[in-house]
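Right, one structure below, let's go through it.
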Amino acid sequence: MVATCSDTNGFFPGYTDSSTLSAYLLDLNQDTTREAQHTFAMLSTMDDLISYGDVVYGRFTSEYPTEDYYRQYNQEKYGHIAMRDLTADAQFELVTSHTTKNLKPNDNNTLWNLVE
C-alpha cells in the first residue's frame, strides 16, 4: 500500500513498529491541549487505508492522548470511509449529548471504553 499522506506534514501514520510518525502527528500526539471538554475516538481494526489493524508504530494510530472514551470496531464492513457513514448516529449523539450513556453497544457488543 502506498502512503496517502505526507510523512513530513501530513497524517502519515508510519508503516511498522520500526518506522516513525509524520512530524505533524508527532506534534499532535505530544500536545496535551484538550480540543474540547468531551473527546471521543472511534477506530476500526479493518481500516482499509491505514491497514495493519490500525496499529502503526506500536499503537492504534486513530487514538490520541486527550481522548476521554474510545470504541473499537472489528468487523470488515467498518472500512476507512464506511466508518463515517455507519457511525453517523453515534457521532450525532456524542456531539449533541457529550456522553456515551445513551449509546447502544456496537456490532461486537462492546461499550465505550474509558481512557485512563
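The values are calculated or read from the model by the stated rules, or taken from the named source; none is laboratory data. Owing to the predicted nature of the structure, the values given are computational and were not obtained by experimental measurement. All Cβ positions, glycine included, derive from the backbone under ideal geometry; neighbour counts span all protein chains shown.
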Notebook entry, point to check: Hey, residue 52 hits all of (1) farther than 22 Å from residue 99 by Cβ; (2) among the aromatic types (Phe, Trp, Tyr); (3) at pLDDT 85 or above but one; which does it fall short on?
Noted result: (3)
Notebook entry, point to check: Do you know which residues across the stretch 71-116 are at pLDDT 75 or above, farther than 13 Å from residue 40 by Cα and of a type in the set (Val, Ile, Thr)?
Noted result: 81
Note to self: Restricting to the stretch 15-49, and then to whatever is modelled with pLDDT under 80 and surrounded by 16 or more Cβ atoms within 10 Å (Cβ to Cβ), can you tell me which residue is nearest to residue 71 (Cα to Cα)?
What the structure shows: 25
Item checked: Residues satisfying the stated conditions in the stretch 53-92, i.e. surrounded by 17 or more Cβ atoms within 10 Å (Cβ to Cβ) and part of a helix (DSSP H, G or I) -> 54, 82, 83, 86, 90
Notebook entry, point to check: Take the residues of the stretch 22-45 that are in contact with a His (Cβ under 9 Å, 6 or more places away or on another chain) and in a loop (DSSP other than H, G, I, E, B): which is farthest from residue 79 (Cα to Cα)?
Noted result: 37
Check: What are the residue pairs meeting all of these: first residue in the stretch 77-94, first residue within 24 Å of residue 52 (Cβ to Cβ), second residue in a helix (DSSP H, G or I), Cβ atoms under 7 Å, and 6 or more apart or on different chains?
Finding: 77/86; 78/86
Check: For residue 25, which of the numbered conditions (1) over 21 Å from residue 113 (Cβ atoms); (2) touching a residue at least 40 places away in the same chain (Cβ under 8 Å); (3) aliphatic (A, V, I, L, M) fails to hold?
Finding: (2)
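Give me the residue from the stretch 93-106 that is β-branched (Val, Ile, Thr) and not in a helix (DSSP H, G or I) and, out of that set, surrounded by the fewest Cβ atoms within 10 Å (Cβ to Cβ). Don't jump to the end; show me each part of the working.
Initially, the stretch 93-106 is screened for residues β-branched (Val, Ile, Thr), giving 95-96, 99-100.
Remaining after also requiring not in a helix (DSSP H, G or I): 99-100.
Details: 99: 14, 100: 19.
This residue is 99.
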